[in-house]
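One structure is given here, and the rest of the page talks about it.
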């Protein structure tokens with residue numbers, strides 16, 4: 001199978017290429033030379049293409065049987081808005097698929113996505129999903145919560161919090177349901193052969209509070225005990241508002257905090273439908289630690 005992969009230079013993109021690159025012909029689409037350099041040693045062809053360049057994007061998609069879209073952000077900036085990262089990108093990818101005759105899209109989304117959400121990121125992602133599903137009706141959206149994988153940002157941040165005697169976090173009672181990156185890759189790999197139009201959700205086997213997750217991570221990694229101090233989300237939102245006002249590229253935004261604060265408590269049969277076994281939480285934490 002020939003696959004065009006958008007968002008190939010991210011953590012999951014690289015893992016996916018490593019997992020399926022020897023069995024399938026992958027055209028990895030990136031937007032810069034620095035992104036392309038991350039893929040040099042991986043089993044794929046690399047195409048540096050601006051998503052706004054319809055001709056180049058269509059050319060990259062020629063002859064492909066499937067598109068995988070891993071693009072998306074949780075923090076918008078003044079130079080990369082949610083609309084640009086999600087709706088504009090989805091529209092460009094769909095147009096390229098239509099022009100090149102690519103019959104199917106598999107896209108990665110995040111749990112909490114909804115057109116009626118008060119959060120701009122969730123609304124934007126939902127609008128992008130709608131563009132893909134309407135433009136290519138066989139599109140599959142695989143929504144996931146926090147993804148933990150070896151060496152990725154989320155895992156490093158969690159390990160850092162669990163290594164302290166005292167850990168500060170916003171609304172520590174919010175629910176997390178982390179899923180192992182390897183399980184997400186297994187699901188995406190299985191979807192290559194299983195057509196499942198519409199939205200699927202894949203979450204880990206346990207939903208627990210953020211404070212419990214930090215403490216569980218400390219126990220699994222033998223870091224000792226950690227006292228989690230919860231800060232009201234309103235404080236974080238106020239801080240983010242000030243940063244948004246004063247800094248052109250703030251480290252955190254109100255919408256980003258809203259995404260991270262989302263309560264994840266998903267029950268679905270996606271893993272069973274795809275024939276994959278979810279990695280237990282303690283094993284997941286030991287793998288990423």
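The values are calculated or read from the model by the stated rules, or taken from the named source; none is laboratory data. Keep in mind it's a predicted model, so treat the numbers as computed, not measured. Don't worry about glycine lacking a Cβ; one is built from the backbone with ideal geometry, like all the others, and counts go over all protein chains shown.
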**Message:** I'd like the full set of residues that are surrounded by fewer than 17 Cβ atoms within 10 Å (Cβ to Cβ) and either at pLDDT 95 or above or within 20 Å of the chain's Cα centre (by Cα) (or both), limited to the stretch 39-51.
**Reply:** 43, 45, 48
**Request:** Filter the stretch 1-38 down to residues that are modelled with pLDDT of 95 or more, touching a strand residue (DSSP E or B) at 6+ places or on another chain (Cβ under 8 Å) and surrounded by fewer than 17 Cβ atoms within 10 Å (Cβ to Cβ), then give me how many there are.
**Result:** 3
**Request:** Exactly one condition in (1) within 30 Å of residue 106 (Cα to Cα); (2) in contact with a helix residue (DSSP H, G or I) (Cβ under 8 Å, 6 or more places away or on another chain); (3) at pLDDT 95 or above is not met by residue 173; state its number.
**Result:** (1)
**Asked** Among (1) touching a residue at least 24 places away in the same chain (Cβ under 8 Å); (2) surrounded by 17 or more Cβ atoms within 10 Å (Cβ to Cβ); (3) out of contact with any strand residue (DSSP E or B) (no Cβ under 6 Å at 6 or more places or on another chain); (4) assigned to a loop (DSSP other than H, G, I, E, B), which single condition is residue 122 missing?
**Response** (4)
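Yes or no, residue by residue, for (1) modelled with pLDDT under 95; (2) more than 18 Å from the chain's Cα centre (by Cα):
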residue	(1), (2)
198	no, no
213	no, yes
225	yes, yes
248	yes, yes
267	yes, yes
**Request:** Residues being in a helix (DSSP H, G or I) and out of contact with any helix residue (DSSP H, G or I) (no Cβ under 9 Å at 6 or more places or on another chain): count how many of those fall in the stretch 155-166.
**Result:** 2
**Asked** For the stretch 1-111, list the strands (runs of 3 or more DSSP E) that sit wholly inside it and hold at least 2 residues that are closer than 30 Å to residue 249 by Cβ and touching a residue at least 60 places away in the same chain (Cβ under 8 Å); which are they?
**Response** 2-6, 66-69, 105-110
**Request:** Give me the pairs, please: first residue somewhere in the stretch 132-158 and farther than 18 Å from residue 202 by Cβ, second residue anywhere and in a loop (DSSP other than H, G, I, E, B), beta-carbon distance under 8 Å, and either six or more positions apart or on two chains.
**Result:** 136/102; 136/103; 136/104; 137/197; 138/103; 138/104; 138/195; 138/197
